[in-house]
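All of the numbers you see were taken from the coordinates with simple rules; none came from a lab. Here the structure is a predicted model, which means the values were calculated and not measured. Note that we place each Cβ from the backbone using ideal geometry, even for glycine, and neighbour counts take in every protein chain shown.
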Amino acid sequence: MGLRILRFLIGVLLLPMCVVATWALVDLLCDLPPTPEFVSTETLALLGGYFAWLLLYLTILRPMRAYIWAHELSHALWGLLFGARIHSIQVKDSGGAVALSKTNTLISLAPYFFPFYTMIVIALRLVLGIWFDMKPWETAWLFAVGFTWGFHFSFTIQSLMIRQPDIVENGHVFSWTLIYLLNLLGIGIWVVCTTSATTGAFATHLFARTCEVYKWLALGLVQLFHMARSAIG
């Protein structure tokens, strides 16, 4: 019970960070210099892949078994990163399960913020880049990144709309804020990787907006305290 209360309090404290991360990402996008085209080729490729997947998802294609594999393998991969042993992985059309020797919050919530197939695409790009010139295939690679991230995004939203043991175990407020933050930071990384934006600029915006948001929050709490004190007095 004490751990659940602690997670709830951390989730509440992280809520302003959702505003911070959103604001910092908007700042990063606004900082991008204008290009000769209305939208850069890299951005078009990413958005093209993303909306191509959404079109398929909303019309004819919902490969649930492929998502279940990604979900369970994300648990397994993050379990390995934290030194857990994998005892078994089960995948069925109705759902899946993975048995690990230990777990933690990041292992439990990994499928909701870790775009499994997107990371496979990125890994393939890095490995092939060792032997081949991937420049001619850059647009296709970015399209695949957008396509697979769209897969991750749509199925994550679908999953969060129904009861998930992983979310219940960690608490709804804590889980949702952490998932939102990590997904938004992932989008920030895609922006840095595909535009002239830099990691330093993103970090600077995050720091500046964190100071602003928590300063406003502190001032608001002080004002509420004084109002309550006056009302009582």
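Worth a mention:
- Counting other Cβ atoms within 10 Å as a rough exposure proxy, the listed residues Asp27, Asp166 run Asp27, Asp166 from fewest neighbours to most.
- Computing volume of the Cα convex hull per residue in Å³ directly from the structure and comparing it against [x] 171; [y] 187; [z] 126 singles out [y].
- Where labels lie 7 Å past Cα in the beta-carbon direction, separation of Ile86 and Cys30 in nm: 4.4
- Most fluctuating residue given options His75, His172, His152, as computed from a GNM of the chain linking Cα atoms under 10 Å: His172
- D_trans [Stokes-Einstein, Kirkwood Rh over alpha-carbon pairs] for the range 64-114, 4 °C, 1.567 mPa s, µm² s⁻¹: 121
- The range 71-162: chymotrypsin sites (Phe, Trp or Tyr not before Pro) falling in loop per DSSP and having at most 16 other Cβ within 10 Å: Phe82, Phe132
- Spin-label model distance (nm) - Cys211 vs Leu182, 7 Å beyond Cα toward Cβ: 2.9
- DSSP H segments from the chain that extend 15 Å or more along their own axis, Cα-based, with Kyte-Doolittle mean of -1.0 or above: 2-31, 41-59, 64-81, 116-131, 138-160, 172-194, 199-232
- Backbone geometry of the range 88-97 corresponds, through the Karplus equation with coefficients 6.51, -1.76 and 1.60 at θ = phi - 60°, to 3J(HN,Hα) couplings of 6, 10, 10, 10, 10, 4, 8, x, x, 7 Hz, x marking Gly and Pro.
- Mean-position separation - Cα centroids, the range 53-73 and the range 93-113, in angstrom: 18
- Gain upon complete extension [Phe225, Lys135; 0.36 nm per residue less C-alpha separation]: 26.5 nm
- Spin-label pair Val19/Leu106, simplified geometry with 7 Å Cα→Cβ offset, distance in nm: 2.8
- Per residue of the chain, the DSSP helices (runs of n ≥ 4 H) give a summed -39500 (n - 2.57) that works out to -26500 deg cm²/dmol at 222 nm.
- Within the chain, longest stretch clear of exposed trypsin sites (Lys or Arg not before Pro) (DSSP loop, no more than 12 other Cβ within 10 Å): 1-84
- Förster-model FRET efficiency, 30 Å R0, Ile232 and Ile10, C-beta, rounded to 0.05: 0.50
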